[in-house]
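Enquirer: Structure in structure tokens, see below.
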Amino acid sequence: MAAAWRRPEIFIFIVGVVMGISWLGYFFYLPELDATVKLMQTWAVGIATFALVLGFLSAARIHLYYIRRRTPGMWPFSAWLFFFTAVATIAGLYSETTGFYAWQFKWVYTPLGATLYATTGFYICSAAYRAFRARSLEAGILLVAGILVMLGNCTIGEVLWKDIPTINEWLQLYGQAPFIRSIMVTAALGLILYALRVMAGIERGYLGALGAGGGGG
Amino acid sequence: MVGALNLAMEIIVQGRGFQFVILLMTAIFLYIAYRLLKMGKEIYLRRLPAIDAIEEAIGRAAEMGKPAHYTYGAGGGWGGGLASHQGPQVVASSAILGYVAQLCARYDVRLIVNMMQADAIPLTEEVIRLAYLREGKPEKFDPKIINYFPGQSPMVTGILGTFQRERPAASFHIGGLYYESVVIGEAAKFVGAFLVAGTANTHQLAFIVATSDYVLIGEELYAAAAYISREPMQVASIASEDWVKFILMAITVIGMILESAGIHVISNMLKW
């Protein structure tokens, strides 16, 4: 009996019903359904919150392993993780908006995150260098378009040639936007089909059921 | 029938009528495509080079004796988690992860997964565990290959560290990618990893195209599981999607012509 409750079909059925109700609530004015849809959305938030505990337990399992084995180069950081998690939890329980918790968030976590985000610029330069090497006609066109857009976004572009901002605008509005929109439309269609497949229990790849052979042709 | 249609017309939310018609049409086409397949009709499925390249990437890792790395990116890792609008990309990506894990198990390649979607951890564990089971090597699965990071910047830092320490021969960045797409994409290139990336986030497409060897663009991410499994119903769904695409293209062209002529039938239909 216990095994029957672990069958994926039961969960697929529950998910299908929940998705069906959500879709009905999205497309139709049904006051009787509104409360149910809102309740399900609240459940989703609740489940997501519980998932954070799950995330910590998963991380704890790995880091406890490193500490137990004294894995070189890893265990001191793992120990630090547990120490700081305990400190942040105690400080957060005391007050979220003042004291040590707010201080470390504002002066340690946020600047570190911003620093890492700032490095993106260097990685973009490096990626652009590789992408812009004119090895083929397509790469050559990309290179010319890229230079024009870059110049169009700098003040020097207009100084060099007054029409560069116009070309930049044209490239972004009529060169780029239609392709991006077509990708967005097809991605949305793909998503609809994916949702239909999940709802009907056809799509089971996320349950680890891809077929024994695997591999595309 | 007419009564039900009238009722539907009355209670449908303004502006969502056309979306509902598309949804219904998609479901009907899905059924038709499935019936055609069952009757023995061949449905052409175009190649997805990025999926075909996965085996090559894992084979390369096996030859070099190095691990393979997989991440979903940051999408679905905050806010509503898997229930957010980025969630489906993570779920779709988990099916590809299953395929990657299966190949890793087959060729004895160590797999490392870095992720920040707390609610997707059980899903990820189960997908990988079943992949090892399919290859008859359940004992080789170690849940500790899944590293959880509680934020985007910690995850990016963690992946950069993984690349420096482990030097993976292949890396897969598939899911709701944000700024990490270019950072970890370039970092993967620095360590010489074969890179396959995919996302439906259009703002990151340029970066994955610039950094990756193979890419899954937009809908290809959702179609990947169907492409790998080749199950008739899944293949039918891809075919039906293409049919809807043709109809939408026709509506677009007719709409352009009619709007230019001052006839607003199509634009009014879209607003219904």
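The values are calculated or read from the model by the stated rules, or taken from the named source; none is laboratory data. No experiment lies behind these values; they were computed from the predicted model shown. Because the Cβ atoms are built from the backbone with ideal geometry, glycine has one as well, and the counts that use them run over all protein chains shown. Surface accessibility is based on the protein's heavy atoms, side chains included, excluding ligands, DNA and RNA. Shrake-Rupley method; radii C 1.70, N 1.55, O 1.52, S 1.80 Å.
Enquirer: Evaluate peptide A:56-69: per residue, the Cβ atoms of other protein chains within 10 Å of its Cβ; return the mean as an integer.
Expert: On the way: counts 3, 3, 11, 7, 1, 4, 7, 2, 0, 3, 1, 0, 0, 0.
What the average comes to for A:56-69 is 3.
Enquirer: How far apart, in nanometres, would the label points at B:GLU63 and B:ALA4 be if each is projected 7 angstrom from Cα along the Cα-to-Cβ direction?
Expert: 5.8 nm
Enquirer: Let me ask another. For n ≥ 4 DSSP H runs only, could you compute -39500 (n - 2.57) per run for chain A, divide by its residues and tell me the 222 nm figure to the nearest 500?
Expert: Value at 222 nm, helices only, nearest 500: -24500 deg cm²/dmol.
Enquirer: Kindly report, to the nearest 10 Å², the accessible surface of B:TRP78 as traced by a 1.4 Å probe over protein heavy atoms only.
Expert: That residue has around 120 Å² of solvent-accessible surface.
Enquirer: Not counting ligands, DNA or RNA, and with a 1.4 Å probe, what is B:ASP119's accessible surface area in Å² rounded to the nearest 10?
Expert: 40 Å²
Enquirer: Among A:GLY92, A:GLY73, A:GLY46, which one moves the most in a GNM of chain A with springs linking Cα atoms closer than 10 Å?
Expert: A:GLY73
Enquirer: Using a 1.4 Å probe over the heavy atoms of the protein chains, calculate the carbon and sulfur portion of the accessible area of the protein assembly as shown as a whole percent.
Expert: Numbers: 17670 of 25640 Å².
Answer for the protein assembly as shown: carbon and sulfur cover 69 percent of the accessible area.
Enquirer: How would you classify the protein assembly as shown from its alpha-carbon gyration tensor, with a ≥ b ≥ c the square roots of the eigenvalues: rounded for a/c under 1.5, else prolate if a/b is greater than b/c, otherwise oblate? Could you put the intermediate results ahead of the total?
Expert: Values: a/c = 1.41, a/b = 1.17, b/c = 1.21.
Rounded shape, in that the Cα axes give a/c under 1.5.
Enquirer: Label points 7 Å out from Cα along the Cβ direction at A:TRP80 and B:TYR31: separation in nm?
Expert: 6.1 nm
Enquirer: If you don't mind, there's one more thing I want to ask. Between B:PRO49, B:PRO122, B:PRO232, where does the largest GNM mean-square fluctuation fall for chain B, given springs only between Cα atoms within less than 10 Å?
Expert: Fluctuation is largest for B:PRO122.
Enquirer: In nm, what is the difference between 0.36 nm times the number of residues separating A:LEU173 and A:MET40 and their Cα-Cα distance?
Expert: Numbers: separation 133, 0.36 × 133 = 47.88 nm, distance 4.02 nm.
Residue separation times 0.36 nm, minus the Cα-Cα distance, leaves 43.9 nm.
Enquirer: So who's got an amide H within less than 5 Å of the one on B:TRP272, skipping anything under 5 residues away but keeping other chains? H placed 1.01 Å off N, in plane.
Expert: Here B:PHE18 satisfy the definition.
Enquirer: With a 1.4 Å probe, what is the total accessible area buried between chains A and B, in Å² rounded to the nearest 100? Let's see the in-between values first.
Expert: Details: alone 17640 and 13900 Å², together 25640 Å².
Chains A and B together bury approximately 5900 Å².
Enquirer: For chain A, what class follows from the C-alpha gyration tensor (a ≥ b ≥ c being the square roots of its eigenvalues): rounded when a/c is under 1.5, otherwise prolate if a/b is larger than b/c, else oblate? Please report the intermediate quantities before stating the final value.
Expert: On the way: a/c = 1.81, a/b = 1.24, b/c = 1.46.
Note, shape of chain A comes out oblate.
Enquirer: Would you pull out the residues with amide H under 5 Å of B:LEU111's amide H, same chain only if 5 or more places away, H placed 1.01 Å from N?
Expert: For B:LEU111, the qualifying residues are B:ALA68.
Enquirer: Within 10 Å of each Cβ of B:126-134, how many other protein chain Cβ atoms are there on average? Each step should come with its number before you reach the end.
Expert: Values: counts 4, 6, 1, 1, 4, 3, 1, 1, 7.
Taking the mean over all residues of the peptide, I get 3.
Enquirer: Please calculate how many Å² of accessible area the protein assembly as shown carries per residue, with a 1.4 Å probe and no DNA, RNA or ligand atoms counted. Don't skip to the answer; put the middle values down first.
Expert: Numbers: 25640 Å² over 489 residues.
Per residue, the protein assembly as shown has an accessible area of 52 Å².
Enquirer: Run lengths n ≥ 4 of DSSP H only: what is the helix-derived mean residue ellipticity at 222 nm for chain B, with -39500 (n - 2.57) per run over all residues, to the nearest 500?
Expert: Values: 11 runs with 163 residues, N = 272.
Counting only the DSSP helices, I get -19500 deg cm²/dmol.
Enquirer: On full extension of the chain, what length is gained from B:LYS144 through B:PHE190, given 0.36 nm per residue of separation minus the C-alpha to C-alpha distance?
Expert: Numbers: separation 46, 0.36 × 46 = 16.56 nm, distance 2.56 nm.
Between B:LYS144 and B:PHE190, full extension yields 14.0 nm more.
Enquirer: Which of rounded, prolate or oblate describes chain B when judged by the alpha-carbon gyration tensor and an a/c cut-off of 1.5? Could you put the intermediate results ahead of the total?
Expert: Details: a/c = 2.13, a/b = 1.80, b/c = 1.18.
Verdict is prolate for chain B.
Enquirer: If you don't mind, another one. Please identify the helices of chain B, taking whole runs of DSSP H, that span at least 24 Å along their own axis as judged from the Cα atoms and have a mean Kyte-Doolittle score of 0.0 or higher.
Expert: Qualifying helices, which must be both long enough and hydrophobic enough, are B:17-38, B:87-107, B:232-260.
Enquirer: May I pose another question? For segment A:27-42, what does the Karplus curve 6.51 cos²θ - 1.76 cosθ + 1.60, with θ = phi - 60°, yield as ³J(HN,Hα) per residue in whole Hz, taken in order and with x for Gly and Pro?
Expert: The phi angles translate into 8, 10, 7, 10, x, 5, 8, 3, 4, 5, 4, 5, 4, 5, 5, 5 Hz.
Enquirer: Mind checking which aspartates and glutamates have their Cα closer than 18 Å to the Cα of B:LYS271? Skip sequence neighbours fewer than 8 apart in that chain.
Expert: B:GLU10, B:GLU259
Enquirer: FRET efficiency for B:ARG110 and A:CYS125, Cβ-Cβ distance as r, R0 = 30 Å, nearest 0.05? Each step should come with its number before you reach the end.
Expert: On the way: r = 32 Å, r/R0 = 1.08.
For R0 = 30 Å, the calculated efficiency reads 0.40.
Enquirer: Around B:THR199, what is the net charge, scoring Lys/Arg as +1 and Asp/Glu as -1 over all other residues with Cβ under 14 Å from its Cβ?
Expert: Numbers: positive: none; negative: B:GLU180, B:GLU219, B:GLU220.
Net local charge, B:THR199 excluded: -3.
Enquirer: Next up: How much net charge surrounds A:ALA118 when only other residues with a Cβ under 15 Å from its Cβ are counted (Lys, Arg +1; Asp, Glu -1)?
Expert: Numbers: positive: none; negative: B:GLU180, B:GLU186.
Once all neighbours under 15 Å are counted, the net charge is -2.
Enquirer: Top mean-square fluctuation among B:GLU125, B:GLU63, B:GLU55, Gaussian network model of chain B, C-alpha springs under 10 Å?
Expert: It is B:GLU63.
Enquirer: Please calculate the 1.4 Å probe accessible area of B:LYS189, with all protein chains present, and give it to the nearest 10 Å².
Expert: Approximately 50 Å² for this residue.
Enquirer: Please report, in debye to the nearest 20, how large the charge dipole of the protein assembly as shown is about its Cα centre when each Lys and Arg carries +1 at its beta carbon and each Asp and Glu carries -1 there.
Expert: 1060 debye
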